[in-house]
Each structure stands twice: as C-alpha cells, then as structure tokens.
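Enquirer: Take a look at this one; I'll ask things after.
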Amino acid sequence: MASNLYIFAGGGSGGHLYPGISVAQQIACRQPDSEIVFLCTSRDIDKKILAGFPWRQVPQPITPVPRNPLHTLRFWQNWQKSCQLTRQLCRSSKGRVVVCGLGGFASGAALKTAHQLGLTTAMLNPDVLPGKANRYCQKYADKIFVQWPETLNEFGKYASRCVVTGSPVRSGYVRELTELTHDKLDTHELLIFGGSLGGHNVNSAVLTALGIIQETEPELLAGWKIVHITGGSDYEFVQSGYTRLPYQAEVLNYCHEMDQRLKQASLVICRAGASTLAELSAIGLGSILMPYPYHKDQHQMKNAEIFRKRGAAFIVKDTVNDQQTAAGLVTTLRRCLNKDACYNMALAAKGIGNSQASANIAAELMSEK
C-alpha cells in the first residue's frame, strides 16, 4: 500500500512553522510510514527551525506580494514556479495527498494548486484575525483550524469550514495543571524574547526600562535572574546593554529549547504572536505582552486582548518610542513581579488553550472522510 503524503506549506517565521511541526510530529507518530514534506520559504529562519527534524524541506521560489508594482511580473513568475513545484510534489506520490497551509505568503500557491488537483486541503489560522494570505486561501481550504471561537465570524460564508481546535503546540510545551503551584512558579526568572526573528523594539525598550528601575527602585528586581533572547541581529546591542546594568542576565541570540526556558520562568515579556500565546497557555505562564505595532490590522493586539480579558497577561503598547514604552513596562513590572501575580496569571493562561490541538488536527488530516 502506498504511503500517504502530507505537505505543510508555509514558513518565513516560527509563528508559521511551529504549529505545522507540532501536527507533523503527531502524524509521524500515528502513521510512521507516511511522507512529510515542508514546502517552506528560502529564508534562513526556515532552515534553522527545520534543521532538527527528519522531514524533507523544499524551499519555494515564492516571494511576498510586492509593494512596488515594478516587481509584479517577477512575483507572478515565482508564483507560477511554486505552483509547478507543488504539482510535481503532489503527482510524485501514489498514496493519499493532503496539503495543509500554515499561513503567510508561502501557503497560497500550494493550497490553490492542491485544490485545483482535487486533493484534500486544510489551513491553520491561529490568530484572531485572518491575515491576507489566509483570507485569500479560505476558498481553497476544505477545513480551517482556528485557535479561538472569536475567529469564526471573520471567515464570513466560509465559517462553516472552520473547526475550533486551539493552536498546535509541540509536546514539550505541555505542562499539567498539577504542576502549577506557587512554589514551582516562583523561580524568580524573567524571560524576554521578541519572537523567532527577534524584536528590536522589545529589546531596546526592555533595556531602557531596566535602566530606569536601576536608578529609581533597584529593589524591584532584587533576586531575579533575567534570560534575554535577542534574535541574531540584536545580540551585540543587548549584550553591551547589560554590561552597564547590575542584573544577573543570560543573553542568547536564539534558543532551540524554548519549552524548557518557558517552564523555568516565572514571567515573560514577549510579543503576542498566536503561536507564542498557544505555548504560554499550554505551559501555564503569565506574561507582559508587547504586540507587534506595524501590522495594519493590529492582529497581535487582538490576540493579546483575549489573554488580558481573562487575566492571563498585561499589555504594554509598543509605542515605537523607547522611553514611553519603557515607562509602561516599569509600571507593569511593579504589578507582576510577585508570587501571587505570577501564579494567578499562570492559572488563567492554562485555562485558555487546548493542549490536544495538535492531536486533534492530525486526526482530522489523516481522516479520509
């Protein structure tokens, strides 16, 4: 009997790749003879993230939709090349073929092509608001897996295709509710990161905030360890910043063991990407969220509001001004850096997600109904 082929189309960031990886792991466990392919982008971050997994990686020539109309012809040429690449992959298999879009510009050509070939298609949509790519792809997806019920109305006439599953997280990110005790959460470790690509505004504002705390109320962080994951381009900048601060700090440019880092932390400062929030929920960890400010639809702010309303996080607006953002961080840290606040936010976060999302989505993709 021919093995099944599962194609995960998308990439360009951890937020797109990690949910797909989580589902792929579940499929690999349940159908060891299946073939799994990541139809990703040519960006270095894809290679870095996928390097530790055994699946075939096929970078696409596809590029984002250009803002400059002079580049439109090249975009369509690359689109057609990605469509042809998808057709070749799909036709190379003698078994059942399933194509799952992971969101972003690298999912569109693959989903449209698979739909035209009459194959089973699906799409992950972990953000509250669908992005441009997912709004384009919704008509090509047989099923759309969403993280929160708030998303259903966003798909209009395609809402009937939506299944509320939560967002997939890798197995290492699941922590049982019984492990969430005051003592286990009271590690006095503050974890800071801006996402898989880093976040300069986060890095800069945090350093400014720590400088303010050092000058005005140094006792606030007494006994706390800081772990700061910078992203590659900001590593030297952040490392240099801590040489002028008195705190115990571990500075990393990237981290492959984020599950362990999150489980060790009492509190995190981070962006509000949908995958990050799913991981915080599966682990049960309180956060100060700094939503990415440059998206036109402000979808990270919408994501963050779900956590804030349920008591799982505080929001500090990234004002794109270090001093203003840092002032908000200092005020919020005063409210968060204690055992009770961390514990209450962790319990609230744990109640938001669904740690079975990966298994449930994998089961849907493997089903031949």
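Enquirer: Hey, any idea what % of the chain's accessible area is carbon plus sulfur with a 1.4 Å probe?
Expert: Heavy-atom surface of the chain belonging to carbon and sulfur, 1.4 Å probe: 49 percent.
Enquirer: Please work out which option in (i) 133; (ii) 144; (iii) 158 gives volume of the Cα convex hull per residue in Å³ calculated from these coordinates, and answer with its label.
Expert: (i)
Enquirer: Starting from 0.36 nm per residue, how many nanometres of slack lie between residue 132 and residue 171 once their C-alpha separation is accounted for?
Expert: 11.1 nm
Enquirer: Take the cross-link list 132/302; 112/302; 309/350; 132/157 and give me the ones stretching past 22 Å between alpha-carbons.
Expert: 112/302
Enquirer: Local charge sum around residue 38 (other residues, Cβ-Cβ under 14 Å, Lys/Arg +1, Asp/Glu -1)?
Expert: +2
Enquirer: May I ask for the Kirkwood hydrodynamic radius of segment 109-261, worked out over all distinct Cα pairs and given in angstroms to one decimal?
Expert: Result for segment 109-261 stands at 19.0 Å.
Enquirer: Given R₀ = 56 Å, what would the calculated FRET efficiency be for residue 347 paired with residue 92, taking r from the Cβ atoms and rounding to 0.05?
Expert: Efficiency for this residue pair is about 0.70.
Enquirer: Could you give the length gained by full extension between residue 340 and residue 163, i.e. 0.36 nm per residue of separation minus their alpha carbon distance, to one decimal place?
Expert: Gain on extension, residue 340 to residue 163, equals 60.2 nm.
Enquirer: Now for a separate question. For the residue pair residue 236 and residue 187, what label-to-label distance in nm results when each label sits 7 Å from Cα along the Cα-to-beta-carbon direction?
Expert: 3.1
Enquirer: Something else: Work from the charge dipole of segment 133-255 (Cβ charges, +1 for Lys and Arg, -1 for Asp and Glu, about the Cα centre) and give the residue of 203, 148, 171 farthest towards its positive end.
Expert: 148
Enquirer: Moving to a separate point now. Ranking request for peptides 85-92, 238-245: highest mean number of other beta-carbon atoms within 10 Å first, then the rest in descending order.
Expert: Highest mean packing first, the order is 85-92, 238-245.
Enquirer: Relative contact order for segment 223-369 using alpha-carbon pairs under 8 Å, separation at least 6, rounded to a whole percent?
Expert: Contact order relative to length: 21 percent.
Enquirer: Still on this model: May I ask you to give the solvent-accessible area per residue for the chain, in square angstrom, as obtained with a 1.4 angstrom probe?
Expert: Counting only protein heavy atoms, the per-residue value for the chain is 44 Å².
Enquirer: In square angstrom, rounded to the nearest 10, how much accessible surface does residue 7 have for a 1.4 Å probe?
Expert: Answer for residue 7: close to 0 Å² accessible.
Enquirer: Here is a follow-up. Please state the relative contact order of segment 17-72 as a whole percent: Cα pairs under 8 Å, 6+ residues apart?
Expert: After rounding, I find 31 percent.
Enquirer: Per DSSP H run of at least 4 residues, take -39500 (n - 2.57); add these up for the chain, divide by its residues and hand me the 222 nm value, nearest 500 deg cm²/dmol.
Expert: Calculated at 222 nm, the ellipticity per residue is -12500 deg cm²/dmol.
Enquirer: To continue, here is another question. On full extension of the chain, what length is gained from residue 298 through residue 214, given 0.36 nm per residue of separation minus the C-alpha to C-alpha distance?
Expert: So the extension gain works out to 27.0 nm.
Enquirer: Using Cα-Cα distances under 8 Å and only pairs 6 or more residues apart, what relative contact order does segment 286-348 have, in percent?
Expert: It rounds to 38 percent for segment 286-348.
Enquirer: Mind jotting down the distance between the C-alpha centroids of segment 4-59 and segment 292-369, whole Å?
Expert: 25
Enquirer: Provide the FRET efficiency to the nearest 0.05 for the residue 78-residue 117 pair, computing r from the beta carbons and using R0 = 25 Å.
Expert: The pair residue 78/residue 117 has a calculated efficiency of 0.80.
Enquirer: Ranked from the most accessible area to the least, with a 1.4 Å probe and all protein chains present, what is the order of 234, 186?
Expert: 186, 234
Enquirer: A follow-up question, please. If you count, for each residue, the other Cβ atoms within 10 Å and average over each peptide, how do 221-231, 356-366 line up from highest to lowest?
Expert: Going by the mean number of other Cβ atoms within 10 Å, highest first, we get 356-366, 221-231.
The values are calculated or read from the model by the stated rules, or taken from the named source; none is laboratory data. Just so it is clear, the structure is predicted and the values come from calculations on it, not from any experiment. Neighbour counts run over all protein chains shown; Cβ positions are idealised from the backbone, glycine included. Protein only, heavy atoms only, side chains kept; ligands, DNA and RNA dropped before computing areas. Shrake-Rupley method; radii C 1.70, N 1.55, O 1.52, S 1.80 Å.
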